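This report concerns only the one structure given below.
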Amino acid sequence: MGFLKEQTNQQTDPAALLRDGKEILLQGFNWESHKHNWWNTLETKVPEIAKSGFTSVWLPPPTHSFSPEGYTPQNLYSLNSKYGSERQLRALLQKMKQHKVRAMADIVINHRTGTTKGRGGIYNRFDGIPLGWDERAVTSCTGGMGNRSTGAVFDGFPNIDHTQDFVRKDIIGWLRWLRHDVGFQDFRFDFAKGFSAKYVREYIEGAKPLFSVGEYWDTCNYKGSSLDYNQDGHRQRIVNWIDGTGQLSTAFDFTTKGILQEAVRGELWRLRDAQGKPPGVVGWWSSRAVTFIDNHDTGSTQGHWPFPKDHIMEGYAYILTHPGIPTVFYDHFYDWGNSIRDQIVKLIDVRKRHGIQSRSGVRIVEARHDLYSAIIGEKVCMKIGNGSWCPSGREWTLATSGHNYAVWQK
């Protein structure tokens, strides 16, 4: 009975998932996915996704949008998008439910594409569609009659004024619909820098997703063109955002990504901070840090900040053995060949078999230019880089390895 009760709790209690810390996410799309009948394409992959050990799949924005990728939404209640029809989306979500993989909705509520010209002769009204807001719903800094933005401005589109009670009430109603009628269980908040974290807290409390993650993407600290060793200021800003959500949301660990993709180029000393801990958000608040190597913005065909291609597996050997909540990118899993996919699956298997979770302890053993090694929990240790290292003690056996990485288990 205890086991059954725990399972039920985890399906209905958001705090249970964060406590458990066993999430492994798959980003289930890239920048070109809208061209490929996406909901149907993904539906065929659900059994394999489940078997590989993923607990949740982040899907692209599901609603009608001005741009095909979904990031300039217009009619929020229309689920017919370039990714497919509402019927195809609901079929995909049903299939995921059958295989016990949660569906994560990409929530784009910082900005919205207007339908009609309002005051000032710009498209800052939303007439003729559900949530038919007028200019009061748009921030004054982006051509509306609302208040100033509570965050950064997303240029080129009306930015939504979350200080307005009617706007928040409508957004919560829409999020509840996505959660309880459409059947998404998890949320990813797009462009979280654009509005105060306290509104994210209100939206999570209102719609009760099982798991939430925010995209708080800020520039790392650089000296000229070279990345600073100390990224405490950068990770502090992400930690402050998580705090602002009442600790209800996790956040993508952009700090770890920025450091890791420099470190694997022969600067592995970067992976130990001045206190001897991991240098990203994962070193400070691992239960709220969602680690990743690339996404549809940094990688894919946009390539705004790509991880070095020939070091991808060292990156995964790090995030899949370390604390935090690791995310695998669709392209690496499905488009980079069977060898890469098999290696990722083996790493996921080691993680699950030895109970590594978001709060697991890390003891960093070496961090020098050509070698990083660490012991995670009691049962797993690993190395990346071309320097040679292996654990002392006959109880350690090789669990999996590849180019410039190895993982051992007890």
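The values are calculated or read from the model by the stated rules, or taken from the named source; none is laboratory data. This is a predicted model, so every value here is computed, not measured. Glycine also receives a Cβ, built like all others from the backbone with ideal geometry; neighbour counts cover every protein chain displayed. Accessible surface is based on the protein model in full, side chains and every heavy atom, while ligands, DNA and RNA are left aside. Shrake-Rupley method; radii C 1.70, N 1.55, O 1.52, S 1.80 Å.
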For Lys35, counting only lysines whose alpha-carbon sits under 16 Å away and dropping same-chain residues fewer than eight positions off, the answer is Lys82
Taking Cα atoms only, helix 232-244 is inclined relative to the longest principal axis of the chain by an angle, in degrees rounded to 10, of 50 degrees
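Ignoring everything except DSSP H segments at least 4 long, calculate the 222 nm mean residue ellipticity for the chain; use -39,500 (n - 2.57) per segment, divide by total residues, nearest 500. All intermediate terms of the calculation are to be shown ahead of the outcome.
Working: 10 runs with 116 residues, N = 410.
Calculated at 222 nm, the ellipticity per residue is -8500 deg cm²/dmol.
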Result for the chain: accessible area per residue, probe 1.4 angstrom, in square angstrom, of 40 Å²
In whole µm²/s, the translational diffusion coefficient that Stokes-Einstein assigns to the chain, given a Kirkwood hydrodynamic radius over C-alpha pairs, 25 °C and 0.890 mPa s, equals 112 µm²/s
Any aspartates and glutamates whose Cα falls less than 16 Å from that of Lys379, other than same-chain ones fewer than 8 residues away, would be Asp349, Glu395
With Cα coordinates, the longest principal axis of the chain makes an angle with the long axis of helix 254-263, in degrees rounded to 10, of 40 degrees
The helix 338-353 Cα axis meets the longest alpha-carbon principal axis of the chain at an angle in degrees, between 0 and 90 and rounded to 10, of 80 degrees
For Cys220, the accessible surface traced by a 1.4 Å probe with all protein chains present amounts, in square angstrom to the nearest 10, to 10 Å²
So, with points 7 Å from each Cα along the Cβ direction, the Asn338-Gln275 label distance in nm works out to 4.6 nm
